[in-house]
1. Using a 1.4 angstrom probe on the protein heavy atoms only, could you order Glu12, Glu111 from most to least accessible area?
2. Could you pull the accessible area for Met121 with a 1.4 Å probe, rounded to 10 Å²?
3. Report the FRET efficiency, 1/(1 + (r/R0)^6), for Asp6 and Asn136, where r is their Cβ-Cβ distance and R0 is 35 Å, rounded to 0.05.
4. Excluding same-chain residues fewer than 8 positions from Lys91, which aspartates and glutamates have a Cα within less than 15 Å of its Cα?
5. Above 28 Å lies some portion of the pair distances; for the chain, what is it as a whole percent of all C-alpha pairs?
6. With every protein chain in place, what's the accessible area of Phe18 (1.4 Å probe, Å², nearest 10)?
7. Name the residues whose placed amide hydrogens come within less than 5 Å of the amide hydrogen of Phe69, ignoring near sequence neighbours (fewer than 5 apart) on the same chain.
8. Not counting ligands, DNA or RNA, and with a 1.4 Å probe, what is Phe28's accessible surface area in Å² rounded to the nearest 10?
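The values are calculated or read from the model by the stated rules, or taken from the named source; none is laboratory data. Keep in mind that what you see is a predicted model, and the values were worked out from it rather than measured. With ideal geometry, Cβ positions are generated from the backbone for all residues, glycine too; neighbour counts draw on all protein chains shown. Note: accessible area is taken over every heavy atom of the protein model, side chains too, but ligands, DNA and RNA are not part of it. Shrake-Rupley method; radii C 1.70, N 1.55, O 1.52, S 1.80 Å.
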Amino acid sequence: MPRTLDGQITMEKTPSYFITREAPSRVFSMSRSTKLIVVVRDPVTRAVSDYTQTLTKNPGLPSFQNLVFKNSTTGLIDTSWSAVRIGIYSKHLENWLRYFPLAQLLFVSGEKLVTDPAGEMGRVQDFLGLKRVVTNKHFYFNQTKGFPCLKKPEGSSRPRCLGKTKGRPHPHIPQEVLRRLRDFYRPFNMKFYQMTGQDFGWD
């Protein structure tokens, strides 16, 4: 990490940290006062999105339902598939709580980042001890993307929007498959809500 002077905050973003078994001890040994921000979204939507992204790189991929079930007759979910495993947030959080107190973690709702980006960014700024400078006036909703974008920063020729890998249409997945996946995640979601003290409203 770069040298951080008094009055500065250094930030780094790597999605795989939250799910990597060795990451908490390594971050702790680097700096036990590190604040951690985790963006989470409905694990069913997350799994479908993960599959969609992989599908664009590998069009010959088996169907979502072929990958999600260990046994489609019994409906047994295959937790060895990373698209499923990543969404078991409570298990990953247990690993982090061995090293960091809950007060050093902020859980940001991926859904609220879309519906209320300024509100979620306000929570982030408060958590980091920053003045609230990012507000509603910095965002506009991009109808094509289906996401909020940052308005044009001063000195820039265009607004900042999420890249082309975001906001892609998802393939059709049978409702029964999604229902079984929701049933699978429900107890893990409830545990995650209890652990974080936050109800994310996932069905």
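1. Numbers: Glu12 90, Glu111 65 Å².
Putting Glu12, Glu111 in descending order of accessible area: Glu12, Glu111.
2. Accessible area, nearest 10 Å²: 60 Å².
3. Working: r = 31 Å, r/R0 = 0.89.
Result of the calculation: an efficiency of 0.65.
4. Cα-Cα hits under 15 Å: Glu22.
5. On the way: 7579 of 20503 pairs.
Of all Cα-Cα distances in the chain, 37 percent exceed 28 Å.
6. Per-residue accessible area (Phe18): approximately 20 Å².
7. Asp78
8. The accessible area comes out at roughly 60 Å².
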